[in-house]
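Peer 1: Quick one: this structure, given as structure tokens, is what I'll be asking you about.
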Amino acid sequence: MAEKWKHTALLVIDMQKDFIHEDGQMLVNGGRAIVPNVIKAVEVARQRGILVIWVVREHDPLGRDVELFRRHLYTTGKVGPTVKGTEGAELVDGLVIKEGDYKLVKTRFSAFFATHLHSLLQGAGINNLIITGVQTPNCIRQTVFDAVALDYQSVTVIFDATAAATPDIHAANIFDMKNVGVVAPTLQQWCESDA
């Protein structure tokens, strides 16, 4: 089975405590509900021999590397969201980076922006991407649109292993991504697929 999937990578985006936990500084309301599906997607990917890439935000304690509109969250004496080394930057319980996986740190919405993701994927012979995580209108969408612009052959967003603040926002963004050729199966449909 690994031969069939050797040109595919699974991106797990921003499944960190600050985005998922109730007291997280950047809580995505739909995030907690998808944790079991993201865990399952990672398990299936590993069984298939798919490269798992953990895309996480880790910021400077002073917020010098964060978007301008968020810099106020990193004022003196306050720990901002997903600061490197803090609990909020950790993956949620049940998600674990294992040997053979890859961790990619980003500081913007897209996993491709100002990172080495594209060269990593090219070097590994990857031309198909499976996307999971949060949040659909921001990091998921930006990463997906960059992948489409970079001509990845297949970009798949697992519908119920991605989330936004509301189901309507999620559905609207999935609709937009489908209009540029992205496939959005449910986790069950993806698990049952052989392609």
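Peer 1: Please work out the average accessible area per residue across the chain, using the 1.4 Å probe convention, and give it in Å².
Peer 2: In whole numbers, the chain has 48 Å² accessible per residue.
Peer 1: How big is the Cα convex hull of the range 144-195 in projection, averaged over all directions, in nm²?
Peer 2: The orientation-averaged projected area of the Cα hull of the range 144-195 comes to 3.7 nm².
Peer 1: While we're looking at this one, here's another question. Given a 1.4 angstrom probe, I'd like the percentage of the accessible area of the range 30-187 that is carbon and sulfur, rounded to a whole number.
Peer 2: Carbon plus sulfur share of accessible area: 55 percent.
Peer 1: For the range 25-86, max minus min Cα coordinate along each principal axis, in Å, sorted largest first?
Peer 2: 46, 24, 19
Peer 1: Output the 0 to 90 degree angle, nearest 10, between the alpha-carbon long axis of helix 167-178 and the longest principal axis computed from the alpha carbons of the chain.
Peer 2: Its long axis makes an angle of about 50 degrees.
Peer 1: Here's a follow-up. Please give, to one decimal in nm, the separation of the simple spin-label points placed at Arg46 and Gln188, each 7 Å out from Cα toward the Cβ.
Peer 2: Taking the two extended label points, one gets 2.4 nm.
Peer 1: By how many nm would the segment from Phe69 to Lys4 lengthen if fully extended, with 0.36 nm per residue of separation less the alpha-carbon distance?
Peer 2: Extra length available between Phe69 and Lys4 comes to 19.1 nm.
Peer 1: For the range 75-160, what D do you get in µm² per second when you plug the Kirkwood radius from alpha-carbon pairs into Stokes-Einstein at 37 °C and 0.692 mPa s?
Peer 2: Value of D from the Cα-based Kirkwood radius: 224 µm²/s.
Peer 1: What angle do you read, to the nearest 10 degrees and between 0 and 90, between the alpha-carbon axis of helix 31-48 and the longest principal axis of the chain?
Peer 2: Taking the Cα atoms of the chain, the angle to 31-48 is about 40 degrees.
Peer 1: Would you mind checking which residues have amide H under 5 Å from Arg57's amide H? H placed 1.01 Å from N; only 5 or more apart, or other chain.
Peer 2: It is Asp14, Lys106, by chain and number.
Peer 1: Shifting gears a bit: Grab the chain and count how many Lys pairs have their alpha-carbon atoms under 20 Å apart, sequence gap of 8 or more, or different chains.
Peer 2: Value for the chain: 16.
Peer 1: To continue, here is another question. Among the trypsin sites (Lys or Arg not before Pro) within the range 96-186, which fall in a DSSP loop and have no more than 11 other Cβ atoms within 10 Å of their own Cβ?
Peer 2: Filter output for the range 96-186: Lys98.
Peer 1: While we're here: Tell me, in nm to one decimal, what length is gained between Ala114 and Glu99 on full extension, where the rule is 0.36 nm per residue of separation less the Cα-Cα distance?
Peer 2: 2.9 nm
Peer 1: Right, another one. For the range 158-181 and the range 1-62, what is the centre-to-centre distance using only Cα atoms, to the nearest Å?
Peer 2: Answer, in whole Å: 16.
Peer 1: To one decimal place, what Kirkwood hydrodynamic radius in Å is obtained for the chain from all pairs of distinct Cα atoms?
Peer 2: Value: 16.7 Å, from the Cα pair sum.
The values are calculated or read from the model by the stated rules, or taken from the named source; none is laboratory data. All figures in this text were calculated on a predicted structure; none of them were measured in a lab. Cβ: placed from backbone, ideal geometry, glycine included. Neighbour counts: every protein chain shown. What goes into the accessible areas is simple: the full protein's heavy atoms, side chains included, and nothing from ligands, DNA or RNA. Shrake-Rupley method; radii C 1.70, N 1.55, O 1.52, S 1.80 Å.
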